[in-house]
1. Tell me the mean residue ellipticity at 222 nm calculated for the chain from its helices only (DSSP H runs of n ≥ 4, each -39500 (n - 2.57), averaged over every residue, nearest 500).
2. Compute the distance in nm between two label points, each set 7 Å from the Cα along the Cα-to-Cβ direction, one at residue 331 and one at residue 205.
3. Report the residues of the stretch 68-102 in range of a label on residue 131: point 7 Å along Cα→C-beta, backbone N strictly under 19 Å from it.
4. Round to the nearest 0.05 the FRET efficiency obtained for residue 108 and residue 412 when R0 = 22 Å and r is the Cβ-Cβ distance.
5. Quick one: which of 169/404; 169/394; 301/404 span more than 24 angstrom between C-alpha atoms?
6. Let me know the Rg and Dmax you get for the chain when you use only its Cα atoms, in Å.
7. When the accessible area of the stretch 255-413 is computed with all protein chains present and a 1.4 Å probe, what percentage of it is carbon and sulfur?
8. What are the principal axis extents of the Cα atoms in the stretch 285-438, in Å, biggest first?
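The values are calculated or read from the model by the stated rules, or taken from the named source; none is laboratory data. Small disclaimer: the values here were computed from a predicted structure and weren't measured. Virtual Cβ from ideal backbone geometry, glycine too; neighbours counted across all protein chains shown. Just the protein is used for accessible areas: all its heavy atoms, side chains included, with ligands, DNA and RNA removed. Shrake-Rupley method; radii C 1.70, N 1.55, O 1.52, S 1.80 Å.
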Amino acid sequence: MNLPSSAPYVVVGAGIHGLSTAYHLAKELRARGGGSGGDVLVLDKSGPGAGASGIACGVVRNNYFQPAMSELMQACVEVWESDPAAYHYNPVGYIALGPPVQEPDLTTVFERHERIGYRSELIVGADVVDDHMKTLFPDWRARGVTVCLHEHQGGFAFNMDSVRGLVAKCESEGVKILSGVEVLELEDAADGTVRTVVTDRGRVDVGEQLVIAPGPWAKHFWAMLGLPATIDIRTPTGDVVRDQPMWTYWNLQEGEIRVDPTMFAKADGGPPPVIHLDTDAPLYTDDGQLVTDELWGIYYKRDRHGVQGGASPLTVSGDVELDPYPQTTNVDPGFADMWCAALSHAMSRFEGCRALYATARSGGVGAFTADNFPVFDYLRPNVYAVLDSNHGYKMIGVGREVAKVVLGDHSTLLRPFRFERFETGDLHPVSHSPYPWS
Ligand SMILES: Cc1cc2nc3c(=O)[nH]c(=O)nc-3n(C[C@H](O)[C@H](O)[C@H](O)COP(=O)(O)OP(=O)(O)OC[C@H]3O[C@@H](n4cnc5c(N)ncnc54)[C@H](O)[C@@H]3O)c2cc1C
C-alpha cells in the first residue's frame with residue numbers, strides 16, 4: 001500500500017494502544033456519521049505487535065492501589081470481556097498474595113473493587129489464605145503470606161493473537177495500517193499544531209488529529225515534540241523536586257519453563273488464575289542454597305507451551321538502544337534460579353523445574369514516566385499522546401476513551417493522567433508494592 005499524502009486522523013504505533021485507538025475511532029466516526037475507518041491511518045516502523053505489546057506477559061488485572069488506575073482498568077476489563085474470542089482473552093482471574101506489610105493496600109484495593117462493582121474477594125490471615133490456596137492448589141506451600149486478593153475478573157490474553165484480533169477489527173472498519181513506515185519528524189505550524197508527519201517513505205499531512213502511541217519509544221517522541229528531558233515535580237505536600245528525568249527505562253525480567261501446561265491446573269482440573277506472590281519468607285533453591293531473605297515477588301501464568309512469568313524489573317541507567325526490539329539489557333544472571341526457586345516455593349509441583357527453564361523470547365525494556373504512571377494527554381493542540389509508562393497491555397480500553405476525546409468529548413477516566421499533574425501536585429498515591437507499576 002502506498003503512503004497517502006494526507007489523512008484526517010494519523011495514529012503512530014500499531015501496538016495495543018494505537019490499534020485500539022484506531023479501531024474505536026473508526027467505530028465512533030461511523031456511529032456519529034462523521035466519517036469512517038477510511039479516515040484513519042496507522043503507521044508503524046515495523047509492524048503490528050513489534051513493540052512491547054507483542055512480548056507482554058499478557059496479564060490483565062485490577063490490583064491497583066490508585067483510584068484512577070482501578071477505575072480505568074475496570075473499563076479496560078470491560079473491553080476485554082466484550083469479545084474474548086477476538087482478543088484471545090482468558091478470563092481465569094488473578095490472585096495477588098502478600099506479606100503483612102501489604103494488608104492495608106490490598107484491603108483498600110478490595111474495598112474500591114466493591115464500590116465500583118469489580119468482582120473480587122479478600123482473604124486476610126495466614127491460615128485462611130493458606131486454606132483458600134490449598135483448595136485451589138492442594139500443593140500450595142508458600143510461606144509468609146497473610147493477605148490474598150482474588151480477582152474473579154481479569155486473567156490474561158495471548159499477546160500477538162490479541163494484537164492480530166485488533167488488526168482484524170481495524171481492517172473490518174476500513175482503517176489503513178501501514179507497516180515499515182518510520183516517523184522521523186513532526187512538523188509544527190505557527191499555532192503549535194503538528195500539520196505534517198515526516199516519515200522515511202514520505203510526508204503525510206494531518207487533516208484533523210495525530211495520536212502517538214509509541215510504547216518504549218516514548219522518549220524519542222517526547223524529544224521530537226521539543227518537550228524537556230527533565231521536569232520539576234510538585235509533590236502532594238507542596239514541595240517541588242527539581243530536574244527529575246521525565247523518562248527512565250526498566251528491564252522487565254520474564255521467563256518460562258517448558259512443561260505440559262495442564263500440569264498447572266486447579267484441583268478441579270480447570271485453568272488456573274494468574275498468580276502474583278510477594279513474600280518476605282527466605283527463598284531457597286531446591287538444593288538448599290539461600291537466594292534471598294528479603295522481600296521478593298514473582299508472577300506466573302499457564303501459557304501455551306508451559307508456565308510463563310516474571311519477577312521485579314531492574315532499572316537501567318541512562319539511555320537504552322531499543323532497536324531491534326526487544327533488546328535484552330541489564331538482565332540479572334540469577335533470574336532463572338530465583339524465578340524457578342520461587343515457583344517451587346509456591347507449589348510443590350514445580351520442584352525441580354530449574355532444569356526445565358527455557359531460553360525464550362521473554363522480557364524486554366519498558367519506558368517509565370517520572371512518577372511511573374501513564375501520561376494520556378494532548379501535548380500539542382492536535383497531538384494526543386498515549387504514553388502508558390509500561391502499564392498498558394491490559395489497558396485495551398484506553399483507546400476507546402482516546403477515540404472519544406479526539407472527537408471532542410471529555411473522559412473522566414483519562415483526566416487523572418494529564419501531564420499537568422506534575423506541576424499541580426495531583427499525583428497518584430504510592431503503594432507498598434516493590435513493583436514500579438502497582
Ligand atoms: C516484557 C514485558 C512484559 C509486559 N507484560 C505486561 C503484562 O503482563 N500486562 C500488561 O498490562 N502490560 C505488560 N507490559 C507492558 C505493555 O506491554 C506495554 O505497556 C504496552 O504493550 C504498550 O503498548 P503501546 O501500544 O503503547 O506500545 P507498543 O506495543 O510498544 O507499540 C509501539 C509501536 O510503535 C512503533 N514505533 C516506535 N517508534 C516509531 C516511529 N518512529 N515510527 C513509527 N512507528 C514507531 C513500534 O514499532 C511499535 O510497534 C509488559 C511489557 C514488557 C516489556
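1. Helices in the chain give a 222 nm mean residue ellipticity of -7500 deg cm²/dmol.
2. Label-label distance for residue 331 and residue 205, simple model: 4.8 nm.
3. Taking a point 7 Å out along Cα→Cβ of residue 131, the residues of the stretch 68-102 whose backbone N falls under 19 Å are 97-98.
4. So the FRET efficiency works out to roughly 0.60.
5. Those over the limit are 301/404.
6. My reading of the Cα-based Rg and Dmax gives 21.8, 67 Å.
7. The nonpolar share, carbon plus sulfur, comes to 47 percent.
8. Principal axes ranked by extent give 60, 32, 31 Å for the Cα atoms.
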